[in-house]
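Data block below; observations after.
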Protein chains: 2
Amino acid sequence: MKIGKQTFKIECKPCIYSTSSIVGPKEMQGPLANYFDLHIKDVFFDEKTFEKSESKMLESCINNLLVKSGITEHDVDVIFSGDLLNQCISSGFAIRAFDTPFLGLYGACSTFCEGLLLSSLLLESNCANQIVAAASSHFCSAERQFRMPLEHGNQKSPTAQATVTASGAALVTRREIADNGIHITHVTPGKIIDLGVTDMSNMGAAMAPAVFSTVSNHLNDTGRDINYYDAIITGDLGLHGTDMLIQLFKNEGIDISKKHKDCGILIYDEKKQDVNCGGSGCGCVASVFSSYFFNELKAKNLNKILLVATGALMSPLSSSQGESIPGIAHAIAIENEV
Amino acid sequence: MKIGKQTFKIECKPCIYSTSSIVGPKEMQGPLANYFDLHIKDVFFDEKTFEKSESKMLESCINNLLVKSGITEHDVDVIFSGDLLNQCISSGFAIRAFDTPFLGLYGACSTFCEGLLLSSLLLESNCANQIVAAASSHFCSAERQFRMPLEHGNQKSPTAQATVTASGAALVTRREIADNGIHITHVTPGKIIDLGVTDMSNMGAAMAPAVFSTVSNHLNDTGRDINYYDAIITGDLGLHGTDMLIQLFKNEGIDISKKHKDCGILIYDEKKQDVNCGGSGCGCVASVFSSYFFNELKAKNLNKILLVATGALMSPLSSSQGESIPGIAHAIAIENEV
């Protein structure tokens, strides 16, 4: 049911039944290391290229999800997946391994929430019972595609974020099929917001206004106060984008600072790891939600969260043609109802 | 409701209420010229780059759809769109112009049917009332991204298809909101099929097995015979891929040749226009369905069609790394029920 201008209330309250995560070596040196299911020891993962490594990570992540859930690929109605690589090849090649219908997404780093959102709506349609939503990114494949070859060793801008090497996947089920009390209750698909930021090294600034738009509209649509949620989790604004988001809400008289968490900030140790403003990439929010936050929900340390994945819908070509960076953010309300 | 292994029966039978199409100069020299709504006189469309031209085409196409439908952007719950460009920038930048939630898709040339499929399921969920599904491609932006700069003037392989310069968009509505009798009754999302074709100049061969898989499963799931449909329309196998598809069905004792139409073959005049095996690109099936076939449905010359958009989920990078070409096809059953 649509409520307000932009939000869908999911009456069937689908369950996020299980999750799976896999990360790279650098992410295993960060503070969330103990929460991840799997990790790769080197960035190649026994493959010859970074892209094949990324695809294999995503495939392993989904396989692990199926094993953890005690189901097979044939029990899944649809797999939603996307990534940052041109033509989303990480997803295409990874999901080739599964005898399951596939619907490819492109939402840049918002992809994981786009997948959760569409999974919820498909379950609400009563057409599907179990859906996988997944996403991945890889530092090395992203660097050479979006920025410079690694061999170039170029210096990063202070506002830059580091693409996370990780995949995350969630199994979303109708409650009659499998239920653990962790439910998706509302979803708010985002509009594209572009305030004219052109700096490809400052994605946080380009995406913060999109988060502000989606979260504001979500709260208006649901009639909820920001205090309804235990946490409002973005993925990924980084340090600079987070400052902007806090300021944008402050302008409206709202203090979001105590509720707000950012996956890009959480995944690395800012002081010990050289990542400037934090992490980014489709795989960041996917893996951090699928490990740390899902664990916090299961442990009931968190009971009501708003997960807001953010995407920058540019390409190196659009930026070289002088275009600004359109941002988007999709919000998913996840509530513990056991 | 899921029926069989892979098909969703859409109980609410959403309506394809209106469509919009825009094409380039070469497409206007083809046999379907009279069916298109809009066309651009030169490939730049008063922009400085091919990519900006493609984005403007898509934006114009959606604007035209809203005008034809007598609605505004605020009446649309969600826009689904995708394209072939890296990071789907045609869609991102085009849909930035609309104050409407956006969900980006990547399904290569299967994108338009992926959008129709998800539109149907969102309407079935009772969450949305009116959804736009759109897709675009542009010969010049695709050539330089996937193949060679146009200035290179390279010769095409006989099995190659020419990327169509076109956008198409459809407004899918709940019947209570707007109804013309043209309904989506079933959708079959495709699995990725990869039989090892590695020739980037022979996409038809890579995608024909995916069409065979999806159509066979659709017929099994629905219990329908191929003769149930007035036409089985692919987008886009081209001449060579069509031959393969006919052979694949022939091996099963089924003659699909009299039912089968291919948007990539229909859009150009094979004898007069230099396009080798025909057209391709997200915009081909989007524009040909949104013009010629939608007209045939309205005129009741066709009453039951299966629209099957096909995608090749590779990238130039995956091919240069020796990978084969994964194919996918999504099928949409569209029936005249006035």
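Of note:
- Dipole magnitude (debye, nearest 20) for region A:242-314, charges at Cβ of Lys, Arg, Asp, Glu: 340 debye
- Sites A:Ala299 and B:Lys5 - FRET efficiency at Förster radius 41 Å, r taken between beta-carbons, to 0.05: 0.65
- 14 Å beta-carbon shell around A:Glu114, net charge (K/R +1, D/E -1): -1
- A straight Cα-to-Cα reach below 15 Å connects A:Lys2 with the aspartates and glutamates A:Glu11, A:Glu124, A:Asp221, B:Asp75, B:Asp77, B:Glu124, residues fewer than 8 places away in its own chain not being considered.
- Note on region A:182-336: along the principal axes its Cα atoms extend 47, 37, 25 Å, ordered by decreasing extent.
- Projected area averaged over orientations for the protein assembly as shown, convex hull of C-alpha atoms, nm²: 26.4 nm²
- Each peptide in B:324-331, B:36-43, A:277-284 was scored by the mean count of other Cβ atoms within 10 Å over its residues; highest first, the order is A:277-284, B:324-331, B:36-43.
- Nitroxide proxy distance, nm - points 7 Å out along Cα→Cβ at A:Glu270 and A:Lys250: 1.4 nm
- Within straight-line reach of B:Lys272, meaning a Cα separation under 15 Å, sit the following aspartates and glutamates at least 8 residues removed in sequence or on another chain: B:Glu27.
- Peptide A:124-132 has a mean of 5 when you count, residue by residue, the C-beta atoms of other protein chains within 10 Å of its C-beta.
- Region A:19-64 versus region B:156-207: alpha-carbon centroid distance in Å: 33 Å
- Averaged over residues, the count of other Cβ atoms within 10 Å places the peptides B:228-236, B:133-141, B:267-275 in the sequence B:133-141, B:228-236, B:267-275, highest first.
- All Cα pairs of region A:1-102, percent lying beyond 20 Å: 50 percent
- Cross-link partners of B:Lys298 among lysines, defined as those whose alpha carbon lies under 17 angstrom from its own and excluding same-chain residues fewer than eight positions apart: B:Lys13, B:Lys68.
- Placing a label point 7 Å from Cα along the Cα-to-Cβ axis, A:Asp99 is separated from the same position in the other copies by 5.1 nm, shortest listed first.
- The listed peptides B:208-216, A:294-302, ordered by packing as a protection proxy, come out as B:208-216, A:294-302 (highest mean of other Cβ atoms within 10 Å first).
- Volume per residue for chain A equals 122 cubic angstrom (convex hull of Cα atoms).
- Pairs beyond 25 Å (Cα-Cα), from A:Lys191/A:Lys261; A:Lys156/A:Lys271; A:Lys26/A:Lys261; A:Lys52/B:Lys191; A:Lys52/A:Lys271: A:Lys52/A:Lys271
- Dipole check for chain B: with +1 at the C-beta of Lys and Arg, -1 at the C-beta of Asp and Glu, and the Cα centre as origin, the magnitude is about 380 Debye.
Any read-out appearing in this document is the output of simple, stated calculations on the displayed coordinates, not a laboratory observation. On a predicted model such as this, the values are computed, not experimentally measured, just so you know. Using ideal geometry, Cβ is built from the backbone for each residue, glycine included, and neighbour counts are taken over all protein chains shown.
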